[in-house]
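See below for the structure under consideration.
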């Protein structure tokens, strides 16, 4: 298996994107999977490396990356050494990052004998789910989309009108504690302002109602962060989607960080196996 870790995608005037690729070299083109992490996430969290290896072994060209403003750096892509960048992140930047990755894969000649650019699939966890759903609607290059514990509503998470939200508007900054690292992770008010200016674009319900591509929704029944009713709502908004509920599953399908085992936790293995089966299926959007 070819594994290239911490490759750097640069662009003038933009923060670099750090990415990994996993594939079995065969000089036969393979369907592409691009994996997007969620809020307070990163490409090397938990068992994501094992997930990448599993997809590569199943015949995919798998790319995972850090969003440019996720708080990581080229030198330290794990965890959050750059909280200044984290504070400047917003949905528009994440959409642009994903577009940069797509443009790279569809133009990069060094992978052209291994990648089928007519078969590009997006997988995302948690908040990344909203990003990939919107991208799947906007970009004809996307074939299928899969959301793992994906959020159904960006707006609701701002809790507009609450005391905390009002204080954020007054001071221009708020902080969320990272339960694992204990860092106070900052959000500038521009994060909300960017959403508000682009609210139509970033309303996930509208994206799902427009989506004309196969969509797999994977959800743990015991997820405390993105509750089951969010997955059910997404399925209601796009009845042609496929909803798979992993009974007893939590928000990260049994994984944790760091993940020391050489095997996937059982719930994450179920999620991975269901996703591989879905992506290999030739059933078109009906």
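The values are calculated or read from the model by the stated rules, or taken from the named source; none is laboratory data. Because the structure is a prediction, the values reported are computed rather than measured. Neighbour counts run over all protein chains shown; Cβ positions are idealised from the backbone, glycine included.
When 178, 188 are screened for being in contact (Cβ under 8 Å) with a residue 24 or more places away in the chain, over 24 Å from residue 273 (Cβ atoms) and crowded, with 17+ Cβ neighbours inside 10 Å, only 188 passes. In this structure, residue 217 does not qualify as surrounded by fewer than 19 Cβ atoms within 10 Å (Cβ to Cβ), touching a strand residue (DSSP E or B) at 6+ places or on another chain (Cβ under 6 Å), modelled with pLDDT of 95 or more and not in a helix (DSSP H, G or I). Restricting attention to the stretch 198-214 and to residues that are loosely packed, with under 13 Cβ neighbours inside 10 Å and free of Cβ contacts under 8 Å to residues at least 60 places away in the same chain, the residue that is farthest from residue 281 (Cα to Cα) turns out to be 199. Inspection of the stretch 121-132 finds no residue satisfying the criterion of being surrounded by fewer than 22 Cβ atoms within 10 Å (Cβ to Cβ) and outside any strand (DSSP E or B). Counting the residues of the stretch 150-161 that are part of a loop (DSSP other than H, G, I, E, B) and either within 28 Å of residue 235 (Cα to Cα) or touching a helix residue (DSSP H, G or I) at 6+ places or on another chain (Cβ under 9 Å) (or both) gives 7. Restricting attention to the stretch 68-82, the residues being closer than 18 Å to residue 97 by Cβ and in contact (Cβ under 8 Å) with a residue 60 or more places away in the chain number 4. With respect to residue 98, determine if the residue is buried (at least 20 other Cβ atoms within 10 Å of the Cβ), touching a strand residue (DSSP E or B) at 6+ places or on another chain (Cβ under 9 Å) and modelled with pLDDT of 95 or more. For residue 98, the condition - buried (at least 20 other Cβ atoms within 10 Å of the Cβ), touching a strand residue (DSSP E or B) at 6+ places or on another chain (Cβ under 9 Å) and modelled with pLDDT of 95 or more - is met.
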